[in-house]
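Heads up, the thing below is written out as C-alpha cells.
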Amino acid sequence: GFQPGRVYVVAAESGGGKSVLCMNIAARQITDRNRTAIFSLEMSYRDVWARMAIHHAKVSGNAMSGVQTLNKGDIKNLTSLAQIAEHIPIITCDKAGLAVESVVASLHREHRKEPLKLACIDYVQLMHSRKKHNSREQEIAYISRCLKGAAMDLGIAIVLPCQLNDDG
C-alpha cells in the first residue's frame, strides 16, 4: 500500500494514462473507505466523478455521457457509489493553474476536518508557485519540495502524475 509521508511520482508521456491511473487509485481508496483528496487541474468536477462512476460502479463511458441509456444494474451501482461517497468525502479542485501553496493549505484544512489518507494531484506541470523563480525547473523543484513537506507533515501519501516531454 501507500506509505504515509511519501510522494509517488507517476511519469508518462501525453496520453500515457496518468490521469486514469490517478482516478483508479482514488476509486480504490473510496472502496477501502480512506478519505482522499483529488486535485485535478485539467478535469472538471463532473469529469472526475464520471471517471469514478466508470471505475467504481462499472458503468460504461457511453452510459455516463448519455450516448446510451443507463440500465437497472448501472443505476444500482451508481446508487451504491453515491452511498459510499457520502461517507467518504473526496475533495476535488478543478482550478487550472492552481498555486502549490493553495494546494498545501487545502490539504491542511481538509486534514484538520477529518484525517486524509491520500491525495492525488493531477498534474504537477499545471501548478505554479506564488514565489518567483529563475526557471521553470527551479519552480517545479520548489513545488515538489512543498508537496513532500505536506505529505510528511500530514502523514499522508501523495500520488503526483507528471508529464514527460514529448521531445524524444
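Just add up the charged neighbours of MET152: K/R +1, D/E -1, any other residue whose Cβ is under 13 Å from the Cβ of MET152. Local charge sum for MET152: +2. Close amide H contacts of ALA119 (hydrogens built in the peptide plane, cut-off under 5 Å, sequence separation of 5 or more or a different chain): ALA37, ALA157, ILE158, VAL159. In order along the stretch 12-21, phi translates into HN-Hα couplings of 6, 6, 3, x, x, x, 4, 5, 4, 4 Hz, rounded to whole numbers, per the Karplus curve 6.51 cos²θ - 1.76 cosθ + 1.60 with θ = phi - 60° and x for Gly and Pro.
Comparing Cα centroids, the stretch 104-166 and the stretch 1-36 end up 14 angstrom apart.
Every number here is computed from the coordinates shown, using simple stated rules; none is lab data. Everything quoted here is computed from the prediction, not taken from an experiment. Backbone-built Cβ (ideal geometry, glycine too); neighbour counts: all protein chains shown.
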